[in-house]
Every structure is written in structure tokens, then in C-alpha cells.
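None of the figures in this text is laboratory data; all of them are computed from the coordinates on show. Just so it is clear, the model here is predicted, and its values are computed rather than measured. Note that we place each Cβ from the backbone using ideal geometry, even for glycine, and neighbour counts take in every protein chain shown.
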Amino acid sequence: MASTASKGRQTARDMVLSMLVILLGTGVVYLFIPHDDSLDPVRPITYDVELVTARRAAPYPVVAPEGLPETWRATSVRYRGQSDQGAVWHLGFMDPDNEYAAVEQSDGRPERFVGKVTHGAEATGRTRTIDGEEWERYEGPKYDALVLRKPEVTTVVTGTAPFESLARLADALEAGEAGTDGAQADGARDTARR
């Protein structure tokens, strides 16, 4: 019996010593490996390839901003041709004040889609005219949004960014023709300017 009690104390002591060695090792690694907390955690991405792909595949004109300052950083992009929300385009940004703003498009049921991408924001009954089109204003506990409904597609600009930033993003949106790539759309714009 004395031997069992001695082994129990020895096992507990070994566990405590092992934990101290692990904590000491972790502390040494933390102190001697350089780290900079002032670095920006946002990892900007490019989305040219995804935009061209989405414009070729989507059954509606896919939008993306043109002419935004470099202080707007793209952080996420995806296109899904088939989902429970229809064909869905997503392009996320961090605005100059590090607030999130995203462009969301779908040819699915508008109310379900708007509810999902705005995390339950509700229509306020107010609108905002941007580039000659009436965008509906939505407000919610998590995201606010500007919503543009057309027969073939619903476009939502949403996020934690203030309405002025959301409106700036919405104003910068340019549509590419459904079934075309960005180079074709850019070429058509260049020809039209001449």
C-alpha cells in the first residue's frame, strides 16, 4: 500500500515537472521568435481570374468595382453556379477604415438571398439613388445594406461599413455581360469611348 501511495505522488510530481518544462519552453520560444503586432492582419487578394470565370458562367451580368482607391482591399471572392440561393457571386472588401463591405449577387429568390447575406437586415422603406438607379436601404444588427433588384438578378452591397462606404462601393460597380469575359467587356467599353 505504501508503494502505491509513493507511485501516486511520483506520477503527480512528474506531471507537474513536465508541465513546467513545457511552459518554460513555450515562454522561451515566444520571447526569442520575432513577432510584430503592428502588422496588418488583412491579406489582400486579386480576383481578376475569378471575375472572368464568373462573367463567362453566370446567367446575369456580374458586377465588380472599377476605380476604387487602393485603400479598398479585396479579401474574399467566390462564384457558385448552383446553390440553394441560385447562381451566387461574392466579392468582399475592407474599406479604408478597415470596415467590411461586400458585393453579393444572385438570381435566386430575392428575399431569401437578401436575408442570408445581410444576416437578417430589414428594409427601412428608404431608398438611395446611385448612378440613376434606386437602391433599397436595409438596416440590421450585424450588417447594413443597399439592395438593387432587377428581374434577372438581385445585387446587394452589405457589411459593417457605414452607408457612405457602401454607397461608394455600389457607385463603383460595373457590370460585365453575362457569358463574356472581362477582356471582351473592357474592349467594348474602350471602343465605345472612341
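With all distinct Cα pairs included, what does the Kirkwood hydrodynamic radius of segment 10-126 come out to in Å, to one decimal, could you say?
On the way: mean 1/r = 0.0543 Å⁻¹.
Taking the inverse mean of 1/r over all distinct Cα pairs, segment 10-126 comes out at 18.4 Å.
A Cα-only calculation for segment 76-175 places Rg and Dmax at 12.3, 34 Å. Scalar couplings 3J(HN,Hα) for segment 117-128, obtained by applying the Karplus form with A = 6.51, B = -1.76, C = 1.60 to θ = phi - 60°, are 6, 9, 6, x, 5, 10, 4, 9, x, 9, 10, 9 Hz; x denotes Gly and Pro.
Amide H contacts for VAL77 (H built 1.01 Å from N in the peptide plane; partners 5 or more residues away or on another chain; cut-off under 5 Å): GLY92. Sequentially through segment 82-99, phi angles give Karplus couplings (6.51, -1.76, 1.60; θ = phi - 60°) of 9, 7, 5, 10, x, 7, 10, 10, 9, 9, x, 9, 10, 7, x, 9, 6, 9 Hz, Gly and Pro residues having no value and appearing as x.
Stretched out straight at 0.36 nm per residue, the stretch from PHE163 to LYS150 would grow longer than its current Cα-Cα span by 2.6 nm.
Between GLN10 and THR26, the simple spin-label model (points 7 angstrom out along Cα→Cβ) gives 2.8 nm.
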